[in-house]
Amino acid sequence: NGRPFLVSHKADFSVTHSRILAAAAVCVSDSGINVGIDAEYIDKSADINILKKVADRYFCYAEQRMLYSADASDFADCFFRIWTRKESICKMSGLGLKGLKQSDSESGNVFVTTEKVKLTNAEYYISVCSNQQTDVIFKRG
């Protein structure tokens, strides 16, 4: 049914969570900036064959090339970095998961900032996407 929005249209937001991490992206602007955020636990024990099947189905050619050029020890890390970038784009655009194949996380048509964070011995990627260039500040609270 589309993405949620605030009636004022001067602010946009997106939320995400993964395991113990919860995050929100908020932008207040008169210029119509939309935001999307995604966070994922970096599961280094994930089955690489399953990650490859997901990548083959949802990653564009450039993203697949990037993933398949990663060393085996970095494969899961690279997969979850790309995944959070793609999902933040889908959330920002309102396409949801049906937009995964079409979204190119490295295209330059959108602005994506990605940060790796560590919480209680677990690592996560957080990606924030916007339709206009803007400053992104990661704050822990």
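Applying a threshold of 7 Å to beta carbon distances and a minimum spacing of six or more residues, or different chains, the list of pairs starting in region 39-52 at a residue that is among the small types (Gly, Ala, Ser) and ending at one that is outside any helix (DSSP H, G or I) and open to solvent by 60 Å² or more (accessible area, probe 1.4 Å) reads 39/17.
The residue that is most open to solvent (accessible area, probe 1.4 Å), counting only those in region 112-141 that are of a type in the set (Ser, Thr, Tyr) and not in a strand (DSSP E or B), is 120.
The values are calculated or read from the model by the stated rules, or taken from the named source; none is laboratory data. Predicted model, so just to flag it, every value in this text is computed and none were measured. Virtual Cβ from ideal backbone geometry, glycine too; neighbours counted across all protein chains shown. Only protein heavy atoms, including side chains, enter the accessible area calculation; ligands, DNA and RNA are left aside. Shrake-Rupley method; radii C 1.70, N 1.55, O 1.52, S 1.80 Å.
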